[in-house]
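In what follows, a structure is listed as structure tokens, so that the remarks can point back to it.
Derivation of every value follows stated rules applied to the coordinates shown; laboratory data play no part. All values reported here derive from a predicted model rather than from experimental measurement. Backbone-built Cβ (ideal geometry, glycine too); neighbour counts: all protein chains shown.
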Amino acid sequence: MSSDTRGICTRTIHGNLLPDPATGAILTPIYQTTTYVQEAVGVHKGFTYSRAANPTVSALEDVLGSLEGAPTLCFSTGMAAITTLFLSILKQGDHAIISDVVYGGTVRLFRQVLEGVGVRANFVDTSDINAVAAAIEPRTKLIFIETPANPTLKLTDIAAVSRVAKKAGVLLAVDNTFLTAALQPVFELGADISVLSTTKYIEGHNATVGGSLATKDETLLERFRLVRKTIGCIQSPLESWLTLRGLKTLSMRLERHSNNALEVASWLENHPSVARVFYPGLESFPQHDLACRQQGAHGGMLSFEVTGGTPAALELMKSVKLCALAENLGAAETLITHPASMTHADIPPATREALGIPDGLIRLSVGLEDAADIIADLEQALGKAEACSSTAYVASVAS
Ligand code: PLP
């Protein structure tokens, strides 16, 4: 697959799929079936039962594999993919190193499920390569990084961590949900496993939940397949069909998401009610050089801190009209989230603050609308947030 010299658009539109042999249909049909009739015991066309494999899911795995440049398996959700990854690699007493800023569900999986069965993890600042090297223990089996990280956009140098991991004989998995291989080809940077929540940019239309794992290691791939079949978390054929459709425009969508996000981030940077803006494409972003080295473009995710803290943040969330107040990201519609009270509410306030997720932080998944309309909506909502924070300030001084 890595010898595929076609461009990203061609690969995400076609993969290696052919028209349906029975009808000539250009799109792979939705094979809504659990059961496949066998010609004789053990003689079949590669499908027996849809918990193990399904032709529509296999079609998505083919196209996603073309994008990743590595064999790929699809799961019912991103969390199902991450759970399969951990269960496949870590046994009781084993240890993992995980980026300290990651999707809240990954933290919850470890803290509330896996630690209970004797698997340990250290949440480490993986942007600091010395901290990664220092955290490796004799029983460390996996380094799991998320870059850019949710919601601070902090970056990890994938190639540098890969060198440390290889030296120690530890596998490196990268959650590439924010950029995908279209903007960040993680295998070229030395990763062993690529993890995606296909719920986000891959499908891109707020219509499905799904996940994937890709690896060039055949033994590991077979292990993922076994765990998926055993715990029963394969993707459904309808979700796969919708995701195949979304994938066809991935590259074009990401280009527009990136352009819109840069325009919105640059505008926010000059707004008096905004204390800080985090977007890897901005020259002011502390890791801008690494972003330019590692990322083809900088994607649609940004975050910013309003000067008025929680009251201003909540007023902003209430006042937006075009931007939708929602927990998801990576779709056509611009979505706005308050991590402290939504996606990262499980994390204690002091830890959140230390991780760079203050109460006034807002996460924006910049959509595909016209940038001017997104900016106009933020302008009117920030005006209301500003008025609310000055009223709160006057009230607190008076009391
Ligand atoms: N990884 C990242 C970076 C995410 O943002 C999310 C969800 O928001 C997940 C994984 C989990 O994916 P899913 O919601 O599809 O289970």
Open item on the list: What does the charge count around S251 come to, taking other residues whose C-beta lies under 13 Å from its C-beta (Lys +1, Arg +1, Asp -1, Glu -1)?
Closed with: +4
Task: Surrounding net charge for E327, when Lys and Arg each add one and Asp and Glu each subtract one, Cβ distance under 15 Å - done: +1
Open item on the list: Could you tell me the extents of the stretch 225-286's C-alpha atoms along the three principal axes, largest first, rounded to whole Å?
Closed with: 53, 25, 19
Task: Evaluated at q = 0.13, 0.20, 0.28 Å⁻¹: base-10 log I(q)/I(0), Debye formula over Cα of the stretch 248-314 - done: -0.40, -0.81, -1.18
- [ ] Could you list the square roots of 5 times each eigenvalue of the Cα gyration tensor of the stretch 250-398, that is, the equivalent ellipsoid semi-axes, sorted largest first and rounded to whole Å?
- [x] 25, 18, 14
Open item on the list: For the pair A134/K321, report the inter-label distance in nm, with labels modelled 7 Å from Cα in the Cβ direction.
Closed with: 5.2
TODO: Name the residues whose placed amide hydrogens come within less than 5 Å of the amide hydrogen of E333, ignoring near sequence neighbours (fewer than 5 apart) on the same chain.
DONE: L368
TODO: Kindly provide the helix-only [θ] at 222 nm of the chain, computed as the sum of -39,500 (n - 2.57) over DSSP H runs of four or more divided by all residues, to the nearest 500 deg cm²/dmol?
DONE: -12000 deg cm²/dmol
- [ ] With springs only between Cα atoms under 10 Å apart, run a GNM on the chain and tell me which of N328, N150, N16 wobbles the most.
- [x] N16
Open item on the list: What does the charge count around L282 come to, taking other residues whose C-beta lies under 15 Å from its C-beta (Lys +1, Arg +1, Asp -1, Glu -1)?
Closed with: -3
TODO: Please arrange V101, V320 by counting, for each residue, the other beta carbons lying within 10 Å of its beta carbon, fewest first.
DONE: V320, V101
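What number do you get for the stretch 299-369 when its Cα radius of gyration is normalised by 2.2 N^0.38 Å, N = residues?
Against the compact-globule rule of thumb, the ratio is 1.06.
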Task: the stretch 132-254: Lys pairs at Cα distance under 24 angstrom, eight or more positions apart or on different chains - done: 14
- [ ] With no solvent and one equal point scatterer per Cα, compute the Debye intensity ratio I(q)/I(0) for the chain at 0.10, 0.15 Å⁻¹ and report its log10, rounded to two decimals.
- [x] -0.67, -1.38
- [ ] Have a look at T77, T219, T140 and tell me which one the Gaussian network model of the chain (Cα, springs below 10 Å) gives the largest fluctuation.
- [x] T219
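Give me the percent relative contact order of the stretch 8-247, please, defined on Cα pairs under 8 angstrom at least 6 residues apart.
Across the stretch 8-247, relative contact order equals 25 percent.
Taking 25 Å as R0, compute the FRET efficiency from the Cβ-Cβ separation of Q38 and D217 and round it to 0.05.
0.25
For Y49 and A275 in the same chain, what is the full-extension length gain: residue separation times 0.36 nm, less their Cα-Cα distance, in nm?
Value of the extension gain: 75.9 nm.
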- [ ] For the stretch 8-247, give the magnitude of the charge dipole about the Cα centre (Cβ charges: +1 Lys/Arg, -1 Asp/Glu; no others), in debye to the nearest 20.
- [x] 380
TODO: Counting other beta carbons within 10 Å of each Cβ, put S99, S251 in order, fewest first.
DONE: S251, S99
- [ ] Using DSSP to define loop residues, name the GluC sites (Glu not before Pro) in the stretch 25-124 whose beta-carbon has at most 14 other beta-carbon atoms within 10 Å.
- [x] E39
- [ ] Neighbouring Cβ atoms within 10 Å as the yardstick, rank V186, V124, V57 fewest first.
- [x] V124, V57, V186
- [ ] Compute the normalised compactness of the stretch 73-127: alpha-carbon radius of gyration over 2.2 N^0.38 Å, N being the residue count.
- [x] 1.10
TODO: Using label points projected 7 Å from each Cα along Cα→Cβ, tell me how many nm separate H205 and K248, to one decimal.
DONE: 0.9
- [ ] At 7 Å along the Cα-to-beta-carbon direction for both R163 and A387, put a label point, then send me their distance in nm to one decimal.
- [x] 5.5
TODO: Between the alpha-carbon centers of the stretch 295-365 and the stretch 129-147, tell me the distance in whole angstrom.
DONE: 28
- [ ] Over the alpha-carbon set of the stretch 173-263, divide Rg by the Kirkwood Rh and report the Rg/Rh ratio to two decimals.
- [x] 1.00
